[in-house]
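See below for the structure under consideration.
The values are calculated or read from the model by the stated rules, or taken from the named source; none is laboratory data. Nothing here was measured: the structure is a model prediction, and the numbers come from that model. Ideal geometry is used to build each Cβ from the backbone, glycine not excepted, and the neighbour counts take in all protein chains shown. Note: accessible area is taken over every heavy atom of the protein model, side chains too, but ligands, DNA and RNA are not part of it. Shrake-Rupley method; radii C 1.70, N 1.55, O 1.52, S 1.80 Å.
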Amino acid sequence: MNTINWSDWRVSPQHPLDLSDIPTLPGAHTEAEKQQWPARMAELAEQLNRLQAMLYASKTRALLLVLQGMDTSGKDGCIRSVFAHISPLGVRAEAFGVPQELEYRHDFLWRIHAKTPALGEMVIFNRSHYEDVLVPIVQNTLEHSMCEERHQHIRHFESLLHDSGVAVVKCYLHISKQEQKKRLQARLDDPLKHWKVQASDFEDRRHWRAYMHAYENAMQATSTDAAPWYVVPADSKPYRDLLVAELLVHTLQSMSLVMPSPKLDLTHFKMK
Ligand code: ADP
């Protein structure tokens, strides 16, 4: 059973990307299809668990999932639901905030490279090196030519990861400005979510269009075969999670992982 087609959402470097043309809700899915989503999600969770165990045991490949998106686009929620059934031993989530003083004194990929997965690992980036081609562009602190240079550094960096056995999957969680308004309001209304409220959420919202442009440029410049970008419609949480899970399962399946052979001749061991 596969109710959605993840490849439709891949960013092509050949075609201009206009996020305002891309829906933030999934297309026409019948009620019958939507009713299959929870069962499909359960099936994917099982497959993800099995594939992760093989990744961990064989230690020949690694997986990096990069999650980007405006505030409230659901990066945390997506991680919680897609990885809910996986052994915490094999998965690591890394979040990247405003760089600290030492980080600013290094190149922008220094702190990122240190957190990439080792063979056998699965790592999720909640924000990433892409912040370095978004925030300073919107805040007008980085020249456009320098930004182009950063795009090139990113392509080389991700190609190095790919050549070193790391499959890189990048998802932009695409929410509408109206949906963000609802979610920010929900945060303001729920005392348990007050700790999440930040002035920057409201500030960044005022620069919505500039962020969309910066995302469009960054995704178009860095969606490569080694590290493709996917625009994930994220106004619907179940669809968002399903699409990300489908992508991960597909990526792991295409690694053709196999369990390592036993290190010992097991016929010598007889249980009494
Ligand atoms: P989140 O909003 O993802 O839940 P935080 O509340 O910790 O997490 O916010 C992280 C903040 O750090 C965001 O505003 C993000 O834009 C900012 N940030 C992350 N990386 C960079 C960077 N390289 N340059 C500038 N700002 C960054």
Inset, instruction - At 1.4 Å probe size, with every protein chain present, just tell me what the per residue accessible area of segment 138-242 comes to in Å². - result: 51
Legend entry - Solvent exposure ordering (accessible area, 1.4 Å, most first) of S200, S261: S261, S200
Inset, instruction - Rounded to the nearest 500, what is the 222 nm mean residue ellipticity of the chain from helices alone, with -39500 (n - 2.57) per DSSP H run of 4+ residues and division by all residues? - result: -14000 deg cm²/dmol
Legend entry - Carbon and sulfur %, accessible surface of segment 6-256 computed with the full protein complex present, 1.4 Å: 53
Inset, instruction - Provide R187, R240, R10 ordered by accessible surface of protein heavy atoms (probe 1.4 Å), highest first. - result: R10, R187, R240
Legend entry - Estimated vicinal HN-Hα couplings, Hz - segment 204-212 in sequence order (Karplus 6.51, -1.76, 1.60; Gly, Pro = x): 5, 4, 5, 10, 3, 4, 5, 5, 4
Inset, instruction - Give the accessible area for M70 in Å² (nearest 10); use a 1.4 Å probe, count only protein heavy atoms, and leave out ligands, DNA and RNA. - result: 10
Legend entry - Qualifying trypsin sites (Lys or Arg not before Pro) for segment 65-149 [loop in DSSP, other Cβ within 10 Å: at most 11]: R105
Inset, instruction - Determine, from the Cβ-Cβ distance of M146 and T267 and an R0 of 45 Å, the FRET efficiency 1/(1 + (r/R0)^6), rounded to the nearest 0.05. - result: 0.10
Legend entry - Kirkwood-based Rg to Rh ratio, segment 161-272, C-alpha trace: 1.20
Inset, instruction - Please state, rounded to one decimal and in Å, the Kirkwood hydrodynamic radius that segment 1-100 gives when every pair of distinct Cα atoms enters the mean of 1/r. - result: 16.6
Inset, instruction - Take the Cα gyration tensor of segment 6-256, multiply each eigenvalue by 5, square-root it, and list the three semi-axes largest first, rounded to whole angstrom. - result: 26, 24, 18
Legend entry - Accessible area per residue, Å², segment 15-86 with all protein chains present, probe 1.4 Å: 48
Inset, instruction - Step through the residues of segment 89-98 one at a time and calculate ³J(HN,Hα) from phi using the Karplus curve (6.51 cos²θ - 1.76 cosθ + 1.60, θ = phi - 60°), rounding each to whole Hz and writing x for Gly and Pro. - result: 5, x, 10, 9, 10, 10, 10, 10, x, 4
Legend entry - Per residue accessible area in Å² of segment 87-128, where ligands, DNA and RNA are left out and the probe is 1.4 Å: 57
Legend entry - Solvent exposure ordering (accessible area, 1.4 Å, most first) of W6, W37: W6, W37
Legend entry - Bridge type composition, the chain - antiparallel percent by DSSP, nearest 5: 5
Inset, instruction - Check each of the GluC sites (Glu not before Pro) in segment 128-161 and keep only those in coil by DSSP with at most 12 other C-beta atoms within 10 angstrom; list them in order. - result: E143
